[in-house]
There are 2 protein chains.
Amino acid sequence: MSLLFRHLRIHQIFGANTDVGKTILTTALVRASAVLKNEVFYLKPISTGPIQDADDEHIRRYCGAPQDKVHTDCLYRFHVPVSPHLAAQIAAGGEADKIVPDDTFLNSISSYVRRCASRVSGPAHLYLETAGGVHSPTLSGVTQLECYRPLFLPTILVGDSRLGGISATISAYESLLLRGYIIDSILLFRDQYYRNSEFLTPYFAERGIEVTAVDAPPPKAVDPAENLASTERYYESLNLLPVVQNLDVRHQQRLAELDSMPRRSIDTFWWPFVQHGLVKSEKDVTVIDSASSDFFSVYKAQNAEQLTSSLESQLDGSASWWTQALGHAHPALTLAAARASGRYGLRWASRAFFSDDGSTAMEVALKMALRAFSVREKLEATARKALGVLGIKGSYHGDTIGAMDACAEQGVFTCEWHNAKGYWFDPPTVSIQEGITIAVNTTNSMSWVYDLPGRLHSPLAQVYRKYISHTLDGLEHSGGPRLAALVLEPLVMGAGGMIFVDPLFQRISSTLSGNAIPLPPIQQETGAVFVGLYRLGMQSTIPFLGAAPDISVHAKILTGGLIPLAVTLASDSIFRAFYSANKAEALLHGHSYTAHPLGCEVANETLKLIEKEVQSEPWAAARARWELDGTPSVMWSLWDPRFVQALSCLENVAEVMALGTVLSIKVKDVQAGYASQSAQILLQSIRIHDHDTESFASGGVPQFSVHFRTLGNVAYFMTSLNTAPEIIRAVEDKVWKALETKKSLSE
Amino acid sequence: MSLLFRHLRIHQIFGANTDVGKTILTTALVRASAVLKNEVFYLKPISTGPIQDADDEHIRRYCGAPQDKVHTDCLYRFHVPVSPHLAAQIAAGGEADKIVPDDTFLNSISSYVRRCASRVSGPAHLYLETAGGVHSPTLSGVTQLECYRPLFLPTILVGDSRLGGISATISAYESLLLRGYIIDSILLFRDQYYRNSEFLTPYFAERGIEVTAVDAPPPKAVDPAENLASTERYYESLNLLPVVQNLDVRHQQRLAELDSMPRRSIDTFWWPFVQHGLVKSEKDVTVIDSASSDFFSVYKAQNAEQLTSSLESQLDGSASWWTQALGHAHPALTLAAARASGRYGLRWASRAFFSDDGSTAMEVALKMALRAFSVREKLEATARKALGVLGIKGSYHGDTIGAMDACAEQGVFTCEWHNAKGYWFDPPTVSIQEGITIAVNTTNSMSWVYDLPGRLHSPLAQVYRKYISHTLDGLEHSGGPRLAALVLEPLVMGAGGMIFVDPLFQRISSTLSGNAIPLPPIQQETGAVFVGLYRLGMQSTIPFLGAAPDISVHAKILTGGLIPLAVTLASDSIFRAFYSANKAEALLHGHSYTAHPLGCEVANETLKLIEKEVQSEPWAAARARWELDGTPSVMWSLWDPRFVQALSCLENVAEVMALGTVLSIKVKDVQAGYASQSAQILLQSIRIHDHDTESFASGGVPQFSVHFRTLGNVAYFMTSLNTAPEIIRAVEDKVWKALETKKSLSE
């Protein structure tokens, strides 16, 4: 029963507390609206206390406009000045069934609002003023925030300007946010002593909400005539026109966003189980503005003449793909999902397909690639089943069986049904050994290794090209599988043992094609785990490797470590392979929580925060430390280059690599392999909390131990993007001490 | 830097607002503690305003105990009575770098608390009183809730007893909750007029928190001596001993929970990539109490003599399996995950393995089953790769390729790498046709069909047995795949077209074994989607089918439609197949967000709410409607039996089924199949919003349209467990009207 009218902008006014000036500020809003519009409505659903003090009475008195312009109303009036739930109990004389239930209460409001909308044609405003604070109880005893939620009206929050008001305002805001309300504006009185507005203005600016502070009203005059005059003068002195205009803009933006959503969705999303060839027009897209209990609020664009609500209730009759057990307990803001699409900045990709983790996103990627190849090559069913992929030994793409089948048989990471389908190259690797950078057998500086344009014409590049061509030819002649896709973990293979592959080799293999028609390359930036989104210090490896994939997979970091969400991005050519008039040819893949609003909302927030972090001072300083001869290097790390160099010279260290947030240390161990415990043993001391120096380590950092992971004889350390430099330095100290003092495994 | 001492219970006191009585109620707590314990500490980290009005001064004056028993302290004192951030700015004379930063502030508190802890041996209490409301700014300008979060102290919230105080108290509570704080108690003044405590007591009781209301203090006397005396009398009249004892109990419970967690985890969880044979003792389990920025708070049990904190900071050096981009933005309450284990009430299962969706949970189940069979049968590598599963045609277990391989080749739901591995029976089905229930060819009442004990000795049961044995024998002789597991969707196959399988057939197939050794049966209660957790009206199908599986898969409904989470439950015998001293033999499967705290917390809450719903009046009424001859039937539905019967007699309806929340309608259509649009076409009118009767439908339900899903010629409707009966009746009306008036597809 959500309400949204094109011609009638509605806002509900919530207070951060009682007695914060809701009515006074609403009066000022009504006055400003009356200047701009022909008609203004004011609704006080519940009023308690004597009639002469009633809020609607105050509005009528001071609205500064004739009564045919400003309409005021109250639906439930009680004369006792207590909380509405108590007033209702008193009025019901203790008979519980005489108390107005929530649905009746909401129906009254809804009918009132619809009547207002149907009788004005021009643009108009409606303000609904709630009672007390955000969580004050309504007639039934349910708190207001919960009770009003099905109407889903945009909100103006009136902040608290008194002592303690900063806290009250923020908590009220968070309670609103928890129910998914749209908050368009915060108003409060200016107070020269407590200066709450000075604190709250930047606080909320960061959260995208404008705070407006206005002078408080003059003290009440004893003489009624004088009081009337001074109050009127006070209202004349206020100017909320900019606020009202901003509310109009917000209203128009919301409509524009909803209006454009079907087109943007058709152009961007790859829906599960949907044959996009059957999605004929924008009308075929269901735009869900919000959801509450069993109902979606579905948006239907109205033209300017239509005076009914643009939001319609639609029963969620499949319990949201069988997932809903108790109705939509929290509002499912599908709006948020739609916003995600424009944010990746990966221009090669035209479609986003959502799933739940890197492994499922890889399964989606494989289904896309195999189908695209089959369609292009017009393969018959038998030939389709025999397709394979091309990859690099040591890569690992996830634990589901399809993702595993895109990797070589690896010994430990296997299962009964694992069937490696394809061919995998032996990888030339990069590491720092005894202070010297090596790529395969050449001895060069680290930045040289990552300077791909410079190396593309080197003799080694020629060797790589020959090796790749030769291998693929051999494969074809020996009756190996037909290769349908190239699958890469760019720059570093994680689960395989933190293997840094020579980027030149990846670059060449991604541009060399083994088949007559090009393979669709898949890049598993799992989670943008190791690579994308700055895990390795760069936003994306695409410009770096000089080759955009047809499909890429992103998970992990995407939601900042909070909730599962993954996305498979695809180019238009891949998308077209599934596009037809036949539903059965669609990509019939989709998990129950595909593109769930919580994940999308959190992902958007994460991307926003990451972009901030990239501009931070610690990042600039770390980049500068890795600069050679004052030239910025693409190869840099939050770990100190001197530490990395020194580490690589230690007796028990085989090799080290650092890139972006990652530090990888391979210790010397004849056994090696996944089951080896050598890295664990050598570094075990840093897992232990040092109680002797209880509270502080050097640099004012509180004492801590370190949790880390190993892959056999490789230990790796990974910081967040915003880990404080002094913490990274402290970890370096600990690692250094552990490895320097413990010369070998047997010590 | 979280703090938790066995011998020193600490609580921080937060106020719902300023001036709500924090200091008075803390004084009363200190007095009660002094009665019980030898030593009590009171810390006011920041005090603003004149010294004679300072809170620590008040405590000293009225604590009712000698100074060597009650110790009071203040760390930062300012004499201007403004918010701490303004006081700090004034004291710094506008020089920003003279303002105490958050980490220094927290280090001071931490050092103070550790000193207190180290100098008392017996049990003692410490109260830390914050300033203003929960979100009032600290010295640096960060709000208190955020600033104090790393210390992670359990909280006492002082509620607001004034007008508007209900709202202020709930919002403050929600702000605390958003940061994961443990809230042990809510205190506030009793107010006879506003009666906030009467509202808040049941409100918070439902959320597991005790509210204690005490008399407000007397008005301040003008004469200092009289004021002292009356205040002292007031404190003497209060009795917070029960509150203090309750806080002690909470403290002990927390320690007991943490102490027992390693053992419970070892006994219950199946960790990803972990060789359980190497988890030697409780010491090998890392118990994470909370997480904040880059750090875990790890619990180390202390004995009674140790006076240091039981919580140690540990750097999350692998960025939580590479997922953390910005530190732990929200506290990762791993505590919550541990609580989940005891809640399923499925006694056959001994282990829970978490993943992200039904499809990944099925992959886990298959890996478990195939391995268990291979180990029991001592199969060589080649034989392992050739294993298959036994199932029923029309079943569908998820979109990842491994899950698809456990299903028959189905035409549309296929992909290049899909390779059906096993054998699938043709299913005998159940439906209502023209008012008559049929199972296969027998004509009987619906309850008879679901009365399995009664049917086990019927001639049909004999037919099923013969058919199954004969088929399996034939398969063995014809060189079919060796079968390693029986995979069933109990009672209804969803994606396959809402096919209700004769439960007698499933029961017999789950007890008949085709192999010399029993197959591990897997039940895909996906999401407890259709079956478990009351989707079909019963808590579980296990007692119903008379056979417990070795493995079962649950997703969808588990988190009430909010976030992805899935669990694969396994019996001990399955778990043992992976148990050894060799890491490589562990179940090497695990997704980045395995058992993420948000999912586990939401799942626990969902399970709690579902158990309430099952006891509700609408469920009792619906059950009664399906009773025949007054006998309760296992077969019942929220849909009305008369509606279902009548529907099945309509000309254009082929068959109908209703069970629990599900209504399935197969319309007559020669085309049928997944690509058929017939169910869509016949029912399309109920998708359309009826604008003529704008606001209300019959029964006071607001007007709505219905969103529903179809599978070719099958339309199905699914309610939430708590959908209001009048809404279900309104949907029945709409469906009836659509099907009754539209006689055939061509009309």
Point to revise | Given (1) of a type outside the set (Lys, Arg); (2) surrounded by 16 or more Cβ atoms within 10 Å (Cβ to Cβ); (3) within 14 Å of chain B (Cβ to nearest Cβ), index of the condition A:VAL653 fails | key: (3)
Review point. Residue check: is A:ALA365 within 14 Å of chain B (Cβ to nearest Cβ) and within 24 Å of B:VAL389 (Cβ to Cβ)?
Key: no
Revision key, fill the gap. Those residues of the range A:166-189 which are at pLDDT below 95 and more than 18 Å from B:LEU176 (Cβ to Cβ) amount to A:GLY180, A:TYR181, A:ILE182, A:ILE183
Review point. Has the range A:562-583 got at least one residue that is of a type in the set (Gly, Ala, Ser) and modelled with pLDDT under 85?
Key: yes
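Condition check ((1) within 30 Å of B:VAL375 (Cβ to Cβ); (2) within 13 Å of chain B (Cβ to nearest Cβ); (3) touching a strand residue (DSSP E or B) at 6+ places or on another chain (Cβ under 9 Å); (4) buried (at least 17 other Cβ atoms within 10 Å of the Cβ)) across all residues:
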{"residue": "A:GLY398", "(1), (2), (3), (4)": "yes, yes, yes, yes"}
{"residue": "A:ASP405", "(1), (2), (3), (4)": "yes, yes, yes, yes"}
{"residue": "A:THR414", "(1), (2), (3), (4)": "yes, yes, no, yes"}
{"residue": "A:ILE432", "(1), (2), (3), (4)": "no, no, yes, yes"}
{"residue": "A:GLN462", "(1), (2), (3), (4)": "no, no, no, no"}
{"residue": "A:LYS466", "(1), (2), (3), (4)": "no, no, no, no"}
{"residue": "A:SER469", "(1), (2), (3), (4)": "no, no, no, no"}
{"residue": "A:PRO481", "(1), (2), (3), (4)": "no, yes, yes, no"}
{"residue": "A:VAL501", "(1), (2), (3), (4)": "no, no, yes, yes"}
Review point. If a residue has to be in a helix (DSSP H, G or I) and more than 7 Å from chain B (Cβ to nearest Cβ) to count, how many in the range A:368-380 make the cut?
Key: 6
**Study point:** Checklist (1) under 28 Å from A:GLN144 (Cβ atoms); (2) touching a strand residue (DSSP E or B) at 6+ places or on another chain (Cβ under 6 Å) applied to B:PRO150, failing item
**Key:** (1)
Practice item. Just name the residue that is farthest from B:ILE59 (Cα to Cα) out of those in the range B:82-134 that are among the hydroxyl-bearing types (Ser, Thr, Tyr) and more than 11 Å from chain A (Cβ to nearest Cβ). Key: B:SER121
Review point. Among the residues of the range B:576-593, how many are within 12 Å of B:ALA369 (Cα to Cα) and surrounded by fewer than 19 Cβ atoms within 10 Å (Cβ to Cβ)?
Key: 1
**Study point:** Any pair with Cβ under 7 angstrom, 6 or more apart, that starts in the range A:171-196 at a residue that is away from chain B (no Cβ under 12 Å) and ends at one that is in a helix (DSSP H, G or I) and at pLDDT below 90
**Key:** A:ILE183/A:LEU176
Review point. If you check A:PRO242 against the conditions, is it surrounded by 11 or more Cβ atoms within 10 Å (Cβ to Cβ) and outside any helix (DSSP H, G or I)?
Key: no
Revision key, fill the gap. With criteria (1) facing chain A (nearest Cβ under 9 Å); (2) surrounded by 20 or more Cβ atoms within 10 Å (Cβ to Cβ); (3) under 22 Å from the mean Cα position of the chain (by Cα), B:ILE551 comes up short on (1)
Review point. Only one residue in A:GLY660, A:GLY630 is surrounded by fewer than 19 Cβ atoms within 10 Å (Cβ to Cβ) and either away from every other protein chain (no Cβ under 14 Å) or not polar (S, T, N, Q) (or both). Which one?
Key: A:GLY630
Point to revise | A:ALA386 under 29 Å from B:LEU483 (Cα atoms) and more than 10 Å from every other protein chain (Cβ to nearest Cβ) | key: no
Check your understanding: Here are some conditions: (1) within 17 Å of A:ALA595 (Cβ to Cβ); (2) modelled with pLDDT of 90 or more. A:LEU240 meets all but one. Which one does it not meet?
Key -> (1)
Exercise for review: Specify the residue that is farthest from the other protein chains (Cβ to nearest Cβ); the eligible residues are those in the range A:13-53 that are at pLDDT below 95 and on the phi > 0 side of the Ramachandran plot.
Suggested key: A:GLY49
Review point. Is there a residue being within 30 Å of B:ALA291 (Cβ to Cβ), facing chain B (nearest Cβ under 9 Å) and in contact with a strand residue (DSSP E or B) (Cβ under 8 Å, 6 or more places away or on another chain) anywhere in the range A:574-592?
Key: yes
Study note, to complete from the structure: The condition of being surrounded by 12 or more Cβ atoms within 10 Å (Cβ to Cβ), assigned to a helix (DSSP H, G or I) and out of contact with any helix residue (DSSP H, G or I) (no Cβ under 7 Å at 6 or more places or on another chain) holds, among A:SER260, A:SER265, A:SER290, only for A:SER260
Check your understanding: What helices (runs of 4 or more DSSP H) completely inside the range A:40-125 contain at least 2 residues that are of a type in the set (Gly, Ala, Ser)?
Key -> A:84-91, A:102-119
Review point. What number of residues within the range A:96-150 satisfy the criterion of being free of Cβ contacts under 8 Å to residues at least 12 places away in the same chain, buried (at least 20 other Cβ atoms within 10 Å of the Cβ) and more than 23 Å from A:ALA291 (Cα to Cα)?
Key: 0
Practice item. Could you grab me the full set of residues in the range A:125-149 that are within 15 Å of A:ASP73 (Cβ to Cβ) and modelled with pLDDT under 95? Key: A:ALA131
Review point. Inside the range A:394-492, counting only helices (runs of 4 or more DSSP H) that do not spill past its ends, which hold 3 or more residues that are under 30 Å from A:LEU379 (Cβ atoms) and modelled with pLDDT of 90 or more?
Key: A:401-405, A:459-477
Review point. Which condition does A:GLY514 not pass, out of (1) in contact with a Pro (Cβ under 9 Å, 6 or more places away or on another chain); (2) modelled with pLDDT under 75, if it passes all the others?
Key: (1)
Exercise for review: Give the number of residues within the range A:642-677 that are over 33 Å from the mean Cα position of the chain (by Cα) and modelled with pLDDT of 85 or more.
Suggested key: 18
Practice item. Identify the residue in the range A:151-168 that is touching a residue at least 40 places away in the same chain (Cβ under 8 Å) and of a type in the set (Ser, Thr, Tyr) and, among all such residues, is farthest from B:THR48 (Cα to Cα). Key: A:THR155
Review point. Looking at the range A:716-732, which of the residues that are within 16 Å of A:VAL656 (Cβ to Cβ) and more than 9 Å from every other protein chain (Cβ to nearest Cβ) is surrounded by the most Cβ atoms within 10 Å (Cβ to Cβ)?
Key: A:ILE728
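The values are calculated or read from the model by the stated rules, or taken from the named source; none is laboratory data. These numbers were taken from a predicted model, which means no experiment stands behind them. We place every Cβ from the backbone using ideal geometry, glycine too, and count neighbours over all the protein chains shown.
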